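Here is the structure we will look at.
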Amino acid sequence: MTKARLFVISAPSGTGKSTIVCRLCEREPGLLHSVSCTTRSPRPGEIDGLQYEFISTEEFQRRINDGYFLEWAQVHHAFYGTPRTPIVEALQQSQSVIMDIDVQGGMEVKKAFPDAVTIFLLPPDLKVLENRLRSRRTDDERQVALRMAEAANELKYADRYDYRVVNDELEHAVSELHQIMMKEMTSNL
Ligand code: ADP
Ligand code: 5GP
């Protein structure tokens, strides 16, 4: 017997959020991964509707006006937003949800849902972070520089999250996150 929870994962770009969220969804098939909308272009291999729904800035603006988003933010010069309905419906149906969003979104969600469990994923250090960004081969030099410049600011938010996990060895980090989630889904039942 588990209790439905809303999990929020944030980290500087390149830390390994997408990789870890994907592994967690494999371990917990009942978990809903919230698919965000974004105005950035798809990276090679990204499929519309799977990693993100890729929409124009005009469409994004229309959806803001319609109250479509639970939260939204501008990150690295693009817009990102979480559709409200799938999350509200999942929680109503006792399904846990995992969101991979930036620190601005993380703070918004915690304000709106104080019961949300917020987890900050840390890179082992900034050099490793830069290597991961480059090894992903999805961002040009300008994007890597932008993401590294913003990482320093994002790291300042780590203390405001309920949990902090270092993504050094992947399987170890996945297990640590999974344990946190299991604990939160079974506590105070
Ligand atoms: P994010 O979603 O936080 O931007 P990604 O999940 O895309 O980050 O990971 C960035 C890169 O780092 C990817 O190439 C991924 O395979 C790699 N990566 C993720 N976690 C680890 C890890 N623990 N050790 C080594 N490489 C990792
Ligand atoms: P990327 O372009 O690397 O996929 O994501 C860039 C940043 O945007 C990451 O920090 C990611 O967590 C964040 N992000 C993705 N979706 C959302 C969202 O719906 N809302 C907010 N606030 N940030 C998001």
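Expressed in nm², what is the orientationally averaged projection area of the convex hull enclosing the Cα positions of the stretch 1-53?
Directional mean of the projected Cα hull area for the stretch 1-53 stands at 4.5 nm².
Quick query: amide H of Val8 versus all other amide H atoms, modeled in the peptide plane; which residues come in under 5 Å with a sequence gap of 5 or more or a different chain?
Here Met99, Val117, Thr118, Ile119 satisfy the definition.
Just to be sure I understand: if I project the alpha-carbon convex hull of the chain onto a plane and average over all orientations, what area do I get in nm²? Mind dumping the intermediate values first?
Details: hull surface 42.0 nm².
So the mean shadow area of the Cα hull is 10.5 nm².
So what does Arg134 come to for accessible area, using a 1.4 Å probe and Å² rounded to 10?
100 Å²
Accessible area per residue of the stretch 81-189 at 1.4 Å probe, in Å²?
On the way: 5910 Å² over 109 residues.
I get 54 Å² per residue for this part.
Could you estimate the translational diffusion coefficient of the stretch 117-182 from the Stokes-Einstein equation, with Rh from the Kirkwood formula over C-alpha pairs, at 20 °C and 1.002 mPa s, in whole µm²/s? Intermediate results must be reported in sequence, preceding the final value.
Details: Rh = 13.0 Å.
Translational D for this selection: 165 µm²/s.
Which whole-number value in Å³ per residue fits the convex hull of the alpha carbons of the stretch 88-154?
Details: hull volume 8.2 nm³, N = 67.
Spread over its residues, the Cα hull of the stretch 88-154 gives 123 Å³ apiece.
Straight distance only, please: which lysines reach the Cα of Lys110 with their own Cα at less than 22 Å, same-chain residues fewer than 8 apart left out?
Qualifying lysines at Cα under 22 Å: Lys3, Lys17, Lys156, Lys183.
Where the Cα atoms of the stretch 57-133 are projected onto their three principal axes, how long is each span, largest first, in whole Å?
41, 34, 19
Determine the share of the stretch 1-115's accessible area contributed by carbon and sulfur atoms, expressed in whole percent, with a 1.4 angstrom probe. Write down the numbers at each step before the final one.
On the way: 2900 of 5770 Å².
Carbon with sulfur: 50 percent of the solvent-accessible area.
The values are calculated or read from the model by the stated rules, or taken from the named source; none is laboratory data. Note that the coordinates shown come from a computational prediction; the quantities given were computed from them, not determined experimentally. Just the protein is used for accessible areas: all its heavy atoms, side chains included, with ligands, DNA and RNA removed. Shrake-Rupley method; radii C 1.70, N 1.55, O 1.52, S 1.80 Å.
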